[in-house]
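A short reminder: the numbers here are calculations on the coordinates, not readings from a lab. Everything quoted here is computed from the prediction, not taken from an experiment. So basically every Cβ, Gly included, is an ideal-geometry build from the backbone, and we count neighbours across all protein chains shown.
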Amino acid sequence: MAASRDCLECVKVAIPPSLRGVVQAGPVDESGWTLLVQNAAAAAKLRQLKPHLDLLLAERMGAGIALRIKVLTQS
């Protein structure tokens, strides 16, 4: 859980302020880290920013962290 929060803090500086309220840290596993987003529009914007977010993660967390962006499903 702490690693997930650290990843979010690492990329938060590159996320536009208007989108920061709709993202949350998801799980970290052996294949990477998931950034959870509340809606598809925000996910699309974050996917445009993904190359920059990947660079931030690699610089601060190490090259082994792959970023996935997933939309939260409403149930």
Item to check | Of all DSSP beta bridges in the chain, antiparallel share, percent nearest 5 | outcome: 50
Item to check | Diffusion coefficient, µm² s⁻¹, Stokes-Einstein with Kirkwood Rh over alpha-carbon pairs of the chain at 25 °C and 0.890 mPa s | outcome: 201
Checklist entry - For the range 51-66 and the range 1-44, what is the separation of their C-alpha centers, rounded to whole Å? => result 13
Checklist entry - Using modelled backbone amide H atoms (1.01 Å from N, in-plane), which distant-in-sequence or interchain residues come within less than 5 Å of A66's amide H? => result G32, W33
Next on the checklist: Check which residues have an amide H placed less than 5 Å from A14's amide H, if you skip close sequence neighbours.
Outcome noted: none
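Report the net charge of residues surrounding A40, where surrounding means a beta-carbon distance below 13 angstrom and charges are Lys +1, Arg +1, Asp -1, Glu -1.
Numbers: positive: K45, R47, K70; negative: none.
With Lys, Arg at +1 and Asp, Glu at -1, the neighbours total +3.
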